[in-house]
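Notes follow once the structure below has been shown.
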Amino acid sequence: MKKTDWIFSNIRELNDCAKETARLMKKGPLSVPMVWLNILYFRLRYHIPLIDYVRYRFWENTRIKLLNHYTRADNIRLVETINDQDKIQVLRDKMILLRRLGDRLGRDFTDIRESSEEAFFSFLKQHKKVIVKPRFGACGIGIRVLDRPYSEEEAMVLRQELIKGDCTLAEEFIRQHPDINRINNQAVDVLKIHTLKIGTDIQIVLVPMFQIGKKNATYSHSGFMLPVDMQTGSLIFQDPTPDELRDLIPKDYRSGKPLPFFRESLRLAEDLGKIVPELSFICWDIAIGEHGPVPVEGNGASGAFNEYQSHIYATTGLGAKTRYTKILQYSQARKSLGNDGLREIEDFLFYETEPKRPFDILWVLGSSRCGDRIRSAAIIAGENPDLQIVLSGGNICLEQFDPDENVLRTESEYMREFLIRSGIPEKRIRIENQSTHTAENLDFFLKLLERENVCPRPVGKICIGVVTAGFHMRRVFNRIHAHPEHERYDWVSSPVYSERTSKENWYKNIEGFEIILAEYDRLRSNHYE
């Protein structure tokens, strides 16, 4: 009978999806039966769930969406590739993790099967509210909340009932932060934070999701999830967000108030990754307790990938496959390179010259994001009042002085205005705004020096300080040393390191790793300008 119910339930869902799709297809060229067939085709051929077909309007831009949609099958392949499946038991057996957590756990727990009747009764008496769950459970199935007093006889009966149902893990109920209780006091709500560990390096690789559960549940099949801004800790509301969810969230959190202990929760997730060295990719469930973040459990799979994909669709109009693929490629490349490979890239790419003497000219190379470079240049210029500055770059700069100004400037124009706002006299600043790549940067810079006689020097070479990103310095000096006539100047590197592409961090984050590896490959193959 249950199998029959399941079949009819799926038929009803398919019919509802077909009707909804036909309604959404404003031009309506297909009848409901034809939409039925279309949905079935996508389900069987591409593993696209019925709900995703409707939610993401797969009848539009079908080819692009198929290339970017991340399916459950994709998720299984990724997790099984990154994580050693022989060691996944560390997380599947919740008792192993709880014991490893030690003081970090912040709450009491017991194995009901191993506890005596007296010990279990004592546990219930000691804690007013207790959660019981299967030791090897998943997706929140089998969770129960015990929130009333039990007599010794009742406790004995309950213990046997729980053991019979394989619900043998009992934990002290987590006391949530008062602000989280304002959002939802019917369940323990959690942040879902993904960590990726390569060697000893641990990083957070996906936007955290805040999961708001329903009564007695804290899992994705029950309740809602909202993405959380990594920088601010604020909840992100995207269209379409259910009215039921908007009404659930207090006004101050709808207006951007950060979740309590958000930064501490991120740090805790990174620390937790060290506790399970056997696995690389883990989704941590972290509750926000009264006095700080509290670990709930870890999952050796990409938890909440459907909800994360919804966030990516709302942001880009496409699925999350690209992001998950980058995680896999990064993991494989890091393991393949090893420490020796990383050192080889660093030694080659992060080129620095020996300091010689004070600069006569400061040459600043632009980029679409040149904020770090020009801030460094402003400090150097402020400390050296006779220093002449040449700003180079003709591409459009994405930096803005005010988030609302929306002014188009070239790289060199933005940097000049930045220096002037920083108190550097305009008469010390020259710009060239024609160059679009490194070779042109150098060519137009040298022509400007000769044309305008920027720094006449009767004796000795002019010393030029080169300000650019640390990983870009090798490319610049390759261009300089390619022509002997450039040796009439003294060239000195003055590298700028952003947080994600610094020597210390570039291989510890996916974005920095991609940037550095791409630059290294271009230089090694001589495919650069």
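Coordinate-derived values only; no laboratory data. None of the values given here were measured: they were computed from a predicted structure. In this analysis, Cβ positions are derived from the backbone assuming ideal geometry, glycine residues included, and neighbour counts consider all displayed protein chains.
Of all beta bridges that DSSP places with both ends in the stretch 373-529, some 15 percent have antiparallel geometry. Normalised by the number of residues in the chain, the average gap of Cα pairs under 8 Å and 6 or more apart makes the relative contact order 11 percent.
If I take R0 = 51 Å and measure r between the Cβ atoms of Asn478 and Ile76 in this structure, what FRET efficiency does the formula 1/(1 + (r/R0)^6) give, to the nearest 0.05?
According to the calculation, E is roughly 0.70.
Residues Leu124, Leu169 in ascending order of nearby Cβ atoms (within 10 Å, fewest first): Leu124, Leu169.
Using the Cβ-Cβ distance between Asp108 and Asp229 with R0 = 30 Å, the FRET efficiency computed as 1/(1 + (r/R0)^6) comes to roughly 0.30. Computing Rg and the Kirkwood Rh from the Cα coordinates of the stretch 479-529 gives a ratio, Rg/Rh, of 1.09. Note on Tyr308, Tyr150: ascending count of other Cβ atoms within 10 Å places them as Tyr150, Tyr308, the fewest first. Think of the chain as a dipole: +1 on every Lys or Arg Cβ, -1 on every Asp or Glu Cβ, centred on the Cα centre; then among Gly423, Gly382, Ser412, Ser412 lies furthest on the positive end. Here the stretch 56-112 is assigned +1 on the Cβ of each Lys and Arg and -1 on the Cβ of each Asp and Glu. Its dipole about the Cα centre then comes out at about 240 debye. For the stretch 386-430, the dipole from Cβ point charges (+1 on Lys and Arg, -1 on Asp and Glu) about the Cα centre works out to 300 debye, to the nearest 20.
Where the only charges are on Cβ atoms (+1 Lys, Arg; -1 Asp, Glu), what is the dipole of the stretch 108-172 about its Cα centre, to the nearest 20 debye?
Working: 10 positive and 13 negative charges, 56 e Å.
It works out to roughly 280 debye.
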